[in-house]
Each structure stands twice: as C-alpha cells, then as structure tokens.
Amino acid sequence: MSYLVLDRISKRFGGFNALSNISLSVERGTARAVLGENGAGKTTLMNVLFGLYRPTEGSIQIDGKAVSFRSPSDAIANGVGMIHQHMHLAEALTVTENIVLGLGGLHSPLNLRRHSAKIVALSERYGLAVEPDQPVWKLPIGMRQRVEILKMLYRGAKILVLDEPTSVLAPNEIDSFLERVKALRDDGTTILFVTHKLDEVMRIADTVSVMRHGQLVAERDIGQTDVRQLSRLMVGRDVEPVRVPRQAAPGGPVLECVDLVARGERGLTALDRVSLTIRQGEILGVAGIDGNGQSELAEIICGLRKPESGSIRAGATEITGLGVSARMRGSRIGFVPEDRHGTGLVLDHSIATNFVLRSFRRRPVSRLGLINARFIAEQARWMMKRYDVRSRSPAQPARELSGGNQQKIILAREIEAGPEILIVMQATKGLDVGAIEFVQRKILEARDRGVAVLYISTELEHVAEVADRIAVMHRGRFTGEVLPGEATAEHIGLLMSGLSVGEQQ
Ligand SMILES: Nc1ncnc2c1ncn2[C@@H]1O[C@H](COP(=O)(O)OP(=O)(O)OP(=O)(O)O)[C@@H](O)[C@H]1O
C-alpha cells in the first residue's frame, strides 16, 4: 500500500462542491505535483490533508494507518507539514524563536541555545541555510521560506505539502530551492507540491495529478507526459502565448518621470534617478529581481509614497506632490498592486463591494450618501462575466476565491474605471496558464484603447509577451532597455543582475 492515501475525499462549502470524490496515492520518498486551473480545488485538498478543513466525506491513511485530523497540530503530530502560499511567521521574533514557537518549555535562554544548535545542524543537512538569531523581518522572502520548511522538519514532518512554493521566489532563488526539495525527497521525505509552473513539474516531480473543477482528471508518471499535454489536461484546451497585433502606433507621452530618487523602508536608496516615459497605447515592461526598487517606483507614481526628488507628469499636469486620491480621481491612474490581499482587495467584503472600492462615492454607485445596491449587484454580474470571475455569487467574500479569480477582480475594477495610465505589478503571479492568457489579453486590449501601461513583473517571459519595450531594473536603476524579441533571456538576465554583456564570469 502507498505511504499516503487520500481515499474518496469530498469537501462541500454550503451547496458548493469544492472537492468531489478525490482519491490519490503517493509513494514514500517521491514528489507529487498537483496541477490545476485557479479554483480547481488544489489548496482545498491540501488544507484537508493538513487538518485545516475536515473532509465532508472520505478518509486519509498514512503508512497503512487511518488518520483523522481536527487541526494542523494533529496533522503535524502525524508527520504532515505544510508551507502555505502566504507565510505565517512572527516578524518580530528570531528564526529560532519562530521555529520553536508553540513547542513549549522554552523559557530559558539555555533551551533556546540548544534548539538553535539543532536547527543549524538540520539546516546544514538539507542545505537550508538560515541565520538563527536574525529577526524574521530582516530576512528576504527566500530565507523566510526556508524558515517555514525548517519549522516543519523540526517537528518531524515526513510528508511536506508545498502550496505554490516558488511563486514568492525571485528567478535566481528558484533553482536552488528546487534542488533543496529534491534533496529532501531523496532523503525519504514525501513531497506534495501545488504549482502552475509546468517546467518545475517536469524538473522535480516523479508523478503528477491534474485537477479540474474539484475533480481529479488525470494522473501521469512524469516520464509519460510533457508540458503541452499537461497544459491541455489542466485547462481542457491548447494554450498559446498571447499575440495581439497592435492596432495603432503609440501616441504622445502620457506618463513622464524624471530623475526619481527614493529611499526604501530601511533607509537605503530604493530609486536612484529613475526616468521613464510611456506613450499613449504603449506598454513599458519593467523586468527585474524582486526588491530592486520596482515597488517603490509603482507606489511613487500612484502617490502612495513620496519621492525625495524628481518629478512626475501625467499628460500636461505635474502630479509630483499630489496624493493617491487626487491621482486616481478622474480615473487618471489605475493600479493593480503586488499585494492582492493587503492592498488590492478587502478580503472580508463581497466581490460586488470590491468592484466599487474606487467609485462608491460617485453616481451611479451612490447618491446623496446612499448606496445603490441594485446597481452594484447588476454591475458585479456584468463584470464577473466580462472578466470570467468564477464564483457562485457576487455576494461571496473575496477571501473565499482562488488567487486567479481575486486577481481578475482587481484588474476588472482598475481597467473598467477607464484610466489613462495603468500600473500593473506581478499581474501573472500564481495564475494558471489560462488565467495568464486572459489577464494579458485584457491588458493588451487596454493598450489598444490608448492606455499607457507600466507592466512590472519578475516573470520575464510574461513581460516579453506583452511589452513594447523592456526596461531592466537593478538596485534602483534602469540598467538597460531592450526590445522584446531582440534580446535573449540570457542578456536580460545579465542586466537583471547588474552586469553588462561581456562582464560575466
Ligand atoms: N472557505 C471557503 N468557503 C467557500 N468556498 C471556498 C472556500 N475555500 C475555497 N472555496 C472555493 O473552492 C474552490 C477551490 O478553491 P481553491 O483555493 O482550492 O482553488 P485552487 O485550485 O487552489 O486555486 P488557485 O490556483 O487559484 O490557488 C474555489 O471555487 C473557491 O472559491
């Protein structure tokens, strides 16, 4: 019998079947990829395995023994650890404190030192280097993720569930992360990982399960399949990169930034004299490894952050000193932020309410301070259809939707406000191939209506698909500008790491 068996698992939320009769078996010391469109039920299935949800029907067996989890601590006690898409560490505590938090008996510094030594030994064994005494807020994302993994291994996890683990990592961190996962598997840990990235599946999975609409639709050994087949199994059709020929040449300048200088959270220079111009009906792509000033650039243009010096013009208007509401008013600037949960949506509010976050003070959404609920509901139905937001009702809280559907809500709200300038950060992160195609198409349609788009992403291949020009950012500066199709990924990669061609070792 297989090491892990999920037997006919179903999960209903109200009248909605999120999982229907899923049976899945994984051998010890192998890696199973779980693929599927946004909303297919992957996270729900993993949450059932980790004790966050109780299945409506079905059972779980580990190593031949029936188990039933009422909570994540039950799952952990039975050797199941999970690393979530959004990390759950206490920022103010150190790495060691985070790892041992909840284990009990930790009050003496001596105990902490003992734990620290064991954590270092564990991290060396798996090549998961961490600094035990550093507070978590000081750590880059990649290292935080290692802390989460160590936390689970420290509790004796034999089955590790990774939910879209690479979606938070920079391209240069992904390779070493995948190597670490392989090392864990080769050491006997059973891995289940959810991803949308088919190349990663091919690189580290031994077997793959494909889900669609809450059901298991296919299972393959990795040697029996390829990227094209998996993509078809996921979305039920072939998906090609979007190619939308432009309707007209770009017009005059719409957004002009000159010599923007800014400091980041820790007082270091985040932007070092950045200048850019985007014309009407043009997409300027900004590629770069996360944390090289992209967020600061977007926030300064939107008015969420003040530059130390430099100027910004939108059309003929100087907007440098204006706040965010003045810039958004009159629908000048649309913003799709990187942090969908914190900035993009109000998670506890309904889909319909999230659609009107920009416009609730204006007619026809409200009049004399009274909300027009009927209009909001009708508009929500229209927007959901137009943007393919899959949900049972406009009244469903945004929190309950899958990542791809949440992103479509933000995009719909920002594009339908009719902006002249659209700033999009990490538009495709965590999205399935079908949703990526959809989102890219909507952005290209906005371009063809004359919107000037700043498209910031760490996913280079997607920048190259939509941008008219690509500016590469490194340490707060533009290190080069290239035309998609003319520059190789290697050349852009060099610019991303601050080297020019010929400088590489
Ligand atoms: N707590 C909940 N209450 C109601 N519906 C939910 C809840 N959690 C998830 N759902 C619904 O279950 C379905 C599956 O969601 P799930 O998050 O598992 O999808 P996913 O495959 O992980 O998607 P993604 O790739 O976007 O993360 C979605 O339609 C979602 O709206």
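Sticking with the crude label model, points 7 Å out along Cα→Cβ, report the distance from Ser176 to Lys65 in nm, one decimal please.
Between Ser176 and Lys65, the label points sit 3.7 nm apart.
Give me the distance in nm between label points sitting 7 Å out from Cα along the Cα-to-Cβ direction at Arg8 and Gln229, one decimal.
For Arg8 paired with Gln229, the spin-label model returns 3.0 nm.
Over 5 Å intervals from 0, what percent of Cα-Cα pairs in the stretch 144-223 sits in each interval?
Each 5 Å bin holds this share of Cα pairs: 3, 12, 25, 27, 17, 11, 5, 0.
Find how many whole Å separate the alpha carbon centroid of the stretch 408-424 from the alpha carbon centroid of the stretch 26-72.
37
Using the reciprocal of the averaged 1/r over all distinct C-alpha pairs, how large is the Kirkwood radius of the stretch 424-466 in Å?
Roughly 10.5 Å, rounded to one decimal.
Just the projected area, averaged over all directions, of the convex hull on the alpha carbon atoms of the stretch 393-505: how many nm²?
About 8.8 nm², averaged over all directions.
Considering the Cα positions of the stretch 241-350, please state its Rg to one decimal place and its Dmax as a whole number of Å.
In Å, with Rg to one decimal and Dmax whole: 15.3, 44.
Only Lys, Arg, Asp and Glu count, each charged at its Cβ (+1, +1, -1, -1), so figure out the dipole size of the stretch 122-202 about its Cα centre, rounded to 20 debye.
That gives a dipole near 280 debye.
Subtracting the Cα-Cα distance from 0.36 nm times the residue separation, let me have the gained length for Arg125 to Asp186 in nm, one decimal.
Length gained between Arg125 and Asp186: 20.7 nm.
Please compute the length gained on full extension between Arg381 and Gln85, using 0.36 nm multiplied by the number of residues separating them and subtracting their Cα-Cα distance.
103.7 nm
Over the chain, what is the relative contact order in whole percent, taking alpha-carbon pairs under 8 Å and six or more residues apart?
That works out to 15 percent.
With the crude spin-label approximation of a point 7 Å out along Cα→Cβ, what separation in nm comes out for Ile371 versus Ser25?
The answer from the label model is 5.2 nm.
Would you mind calculating the gained length between Leu103 and Ala326 on full extension (0.36 nm times residue separation, minus the Cα-Cα distance), in nm to one decimal?
Contour length minus the Cα-Cα distance gives 75.3 nm.
Over the C-alpha atoms of the stretch 29-172, what are the Rg and the largest Cα-to-Cα span, Dmax, in Å?
Cα-based Rg and Dmax for the stretch 29-172 come out at 16.0, 48 Å.
R0 = 30 Å: FRET efficiency of Ile141 with Ala218, Cβ-based, nearest 0.05?
According to the calculation, E is roughly 0.40.
Can you find, among Ala452, Ile423, Ala352, the residue farthest towards the positive end of the dipole of the stretch 335-464? Put +1 on the C-beta of Lys and Arg, -1 on that of Asp and Glu.
Ala352
Take the Cβ-Cβ distance between Asp199 and Leu357 as r, set R0 to 51 Å, and report the resulting FRET efficiency rounded to the nearest 0.05.
0.90
Please list, or write none, the aspartates and glutamates whose alpha carbon is within less than 12 Å of the alpha carbon of Lys151, excluding same-chain residues fewer than 8 places away.
Excluding near neighbours in sequence, the set is Glu97.
Once the Cα gyration tensor of the chain is diagonalised, what are the square roots of 5 times its eigenvalues, in whole Å and ordered largest first, as equivalent ellipsoid semi-axes?
39, 28, 23
Step through the residues of the stretch 8-14 one at a time and calculate ³J(HN,Hα) from phi using the Karplus curve (6.51 cos²θ - 1.76 cosθ + 1.60, θ = phi - 60°), rounding each to whole Hz and writing x for Gly and Pro.
6, 7, 10, 9, 10, 10, x
May I ask for the distance between the Cα centers of the stretch 308-358 and the stretch 107-181, given as a whole number of Å?
36
For a quick check: with amide H placed at 1.01 Å from N, whose amide H comes under 5 Å from Met82's, ignoring anything fewer than 5 positions away on the same chain?
Val161
With runs of 4+ DSSP H residues as the only contributors, calculate the mean residue ellipticity of the chain at 222 nm using -39,500 (n - 2.57) per run, divided by the residue total and rounded to the nearest 500.
-9500 deg cm²/dmol, from helical runs alone.
Determine the dipole magnitude for the chain: charges of +1 sit on the beta-carbon of Lys and Arg, -1 on that of Asp and Glu, nothing else is charged, the reference point is the Cα centre, and the result goes in debye to the nearest 20.
1840
Can you give the FRET efficiency to the nearest 0.05 for Asp339 and Leu52, using r as the Cβ-Cβ distance and R₀ = 22 Å?
It comes out at approximately 0.50.
A short reminder: the numbers here are calculations on the coordinates, not readings from a lab. Computed from a predicted structure; not experimentally measured. Positions of Cβ are generated from backbone atoms using ideal geometry, with glycine treated the same way; all protein chains shown enter the neighbour counts.
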